[in-house]
1. Tell me which residues, restricted to region 160-182, are in contact with a Gly (Cβ under 9 Å, 6 or more places away or on another chain) and in a loop (DSSP other than H, G, I, E, B).
2. For D217, are the conditions met, namely being of a type in the set (D, E, K, R) and free of Cβ contacts under 8 Å to residues at least 24 places away in the same chain?
3. So which residues in region 114-146 are outside any helix (DSSP H, G or I) and either at pLDDT below 95 or under 21 Å from V47 (Cα atoms) (or both), if there are any at all?
4. May I ask you to say which residue of H110, H51, H62 is farther than 17 Å from P33 by Cβ, assigned to a helix (DSSP H, G or I) and in contact (Cβ under 8 Å) with a residue 24 or more places away in the chain?
5. Only residues that are touching a residue at least 60 places away in the same chain (Cβ under 8 Å), among the aliphatic types (A, V, I, L, M) and assigned to a loop (DSSP other than H, G, I, E, B): list them for region 184-214, please.
6. Can you say whether A63 is of a type in the set (A, V, I, L, M), modelled with pLDDT of 95 or more and either under 26 Å from G123 (Cβ atoms) or surrounded by 12 or more Cβ atoms within 10 Å (Cβ to Cβ) (or both), as far as the supplied structure shows?
Amino acid sequence: MTETALTVHQTARPTGFPSADQFRFAESPVPEPDPGTALVANLYWSVDPYHRELMDGGFALHAPLEGRTLGRVVASRTPSLAEGEIVFHRQGWRTHAVVRPEEVRRIPHHPGVPLSAYLSVLGGTGLTAYVALTRIARLRRGEDLFVSGAAGGVGTATGRFARLLGAGRVIGSTGSAEKAAYLTRKAGYDAAFDYRTAPVADLLARAAPTGVDVFVDNVGGDHLGAAIGALRERGRVVRVGTISQYNTPDAPPVRFDHADVVEKSLRVEGFLVKDHLDAQEELYDFAVPHLRSGALVADETVIDGFERIVEAFLLMLRGGNTGKILVRAA
């Protein structure tokens with residue numbers, strides 16, 4: 001354990017795309033745990049698209065940021081947390097955190113499962129994909145699926161889970177030809193396209209000429225409009241995120257034929273994964289056997305060194321990652 005703790009603070013509100021100079025690293029002595037708490041040295045950090053939304057007002061300026069994190073208990077003053085335990089908590093964007101037992105979740109030991117998976121395919125990212133498919137869309141065997149933002153953390157997990165759940169054709173949209181090739185060669189997608197090459201509605205019509213049954217939307221904008229037109233009768237839209245608008249608040253509203261929603265009996269539903277934490281054990285039961293067998297792979301981009309966490313965050317916002325982006329302690 002080092003003698004100095006580092007914490008990331010936001011120093012200014014961004015206009016459009018954020019920049020590195022809107023963050024700073026603050027140094028302090030490693031904190032001592034009070035009675036009833038434990039000190040955790042963080043090992044893996046998650047940087048997520050929702051952090052961009054929080055930068056507009058959800059995060060306090062000049063204060064430690066929050067985020068999903070895995071760490072090891074290195075000093076404990078509570079019998080509920082033993083030294084050496086690996087825990088999940090939300091005091092991320094810092095090297096050390098003092099936590100109470102009720103603020104953490106113990107990470108189970110599943111032999112053969114890498115620790116990073118508990119922040120990616122078994123963490124909030126995987127839980128989002130699992131809930132989207134099983135609880136919101138209620139995906140049925142043989143149904144065809146379209147996923148926007150398909151090469152990101154939620155997108156890759158959605159494609160892989162859909163394949164394991166018996167989906168029919170799985171189609172993805174992403175931001176480059178290289179990522180589209182990754183989706184079809186490695187991530188279980190039947191077809192994928194680079195949305196930058198033509199109107200999304202045209203690209204989707206080519207990839208799914210007879211339509212789709214479910215749309216899992218991480219992007220919004222033109223993707224949502226195109227999917228509404230492509231959905232079959234009783235199709236479902238699962239709204240996960242709106243990445244296309246995070247850095248462009250003045251983007252025009254989504255345009256689509258609203259009559260489609262009525263005439264095709266469509267359902268459009270959004271959700272927050274924090275309202276479905278009771279599905280965590282269900283996710284473990286579903287995904288862990290497939291991880292052990294090799295039928296499921298955790299798609300991850302790992303950046304080494306806490307000092308690169310801001311760099312990793314900005315890289316993710318620019319689409320520079322494939323799968324879930326994580327920062328690992330050096």
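The values are calculated or read from the model by the stated rules, or taken from the named source; none is laboratory data. Predicted, not measured: the structure shown is a model, and the values here were computed from it. All Cβ positions, even for glycine, are placed from backbone atoms using ideal geometry, and neighbour counts span all protein chains on display.
1. G166, A167, G168, G175, S176 - these are the residues of region 160-182 that are in contact with a Gly (Cβ under 9 Å, 6 or more places away or on another chain) and in a loop (DSSP other than H, G, I, E, B).
2. no
3. P114, L119, S120, V121, L122, G123
4. Checking each option against the conditions leaves just H51.
5. Those that are touching a residue at least 60 places away in the same chain (Cβ under 8 Å), among the aliphatic types (A, V, I, L, M) and assigned to a loop (DSSP other than H, G, I, E, B): A187, A208.
6. The answer is no for A63.
Conditions tested, residue by residue: (1) on the phi < 0 side of the Ramachandran plot; (2) of a type outside the set (S, T, Y).
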| residue | (1), (2) |
| --- | --- |
| Y50 | yes, no |
| H62 | no, yes |
| E83 | yes, yes |
| I86 | yes, yes |
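Every residue, every condition in (1) of a type in the set (A, V, I, L, M, F, W, C); (2) at pLDDT 95 or above, yes or no:
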| position | (1), (2) |
| --- | --- |
| D278 | no, yes |
| D285 | no, yes |
| A295 | yes, yes |
| D304 | no, yes |
| R318 | no, no |
